[in-house]
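Please treat every number below as a calculation from the coordinates, not as lab data. The structure presented is a predicted model; accordingly, all values stated were derived computationally and were not measured. Cβ sites come from the backbone with ideal geometry, for glycine too, and all protein chains shown count toward neighbours.
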Amino acid sequence: QVQLVESGGGLVQAGGSLRLSCAASGRTFSSYAMGWFRQAPGKEREFVAAISGRVYYADSVKGRFTISRDNTKNTVYLQMNSLKPEDTAVYYCAVSSLYSDLRRAREYDYWGQGTQVTVSS
């Protein structure tokens, strides 16, 4: 059974940093793509970052967020710096086995339950 568990969310002031982690279990994910999405209240889920053999970022986080992975731990990370109030959302990690466009949520097979990130002004 595949399970994704996010951690590392919390409350931070604008300009601060957080590091999210997503631990995957149930199989080996080294050949899978992994991604982060977020959803703010009243808004649709949006792409944040993804990593396969390359890395991809939404324009809104480019230069501030960094995605990385440790295949020995089946874990993907999202380092978030220079946080802004508009980054406030529930952040979800996801994995994809077959994909063409990792910016699309429908490309992903499994999802975590999410972790709340709140950035105060």
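From the alpha carbon centroid of the stretch 1-40 to that of the stretch 98-114 is 13 Å. For the stretch 38-119, the set of GluC sites (Glu not before Pro) satisfying both a DSSP loop assignment and a count of at most 12 other C-beta atoms within 10 Å is given as Glu44. Our coupling estimate for the stretch 19-33, obtained by passing each phi through the Karplus curve with A = 6.51, B = -1.76, C = 1.60 and θ = phi - 60°, is 10, 8, 10, 9, 9, 9, 9, x, 5, 8, 9, 4, 9, 8, 7 Hz, Gly and Pro reported as x. What is the sum of charges, Lys and Arg at +1 and Asp and Glu at -1, for the other residues whose Cβ falls under 15 Å from the Cβ of Tyr92? Neighbourhood net charge equals 0.
The lysines within cross-link reach of Lys62, meaning a Cα-to-Cα straight distance under 23 Å and a gap of 8 or more places when in the same chain, are Lys43, Lys84.
Between Ser100 and Thr118, the distance separating the two model label sites (each 7 Å from Cα on the Cα→Cβ line) works out to 4.1 nm.
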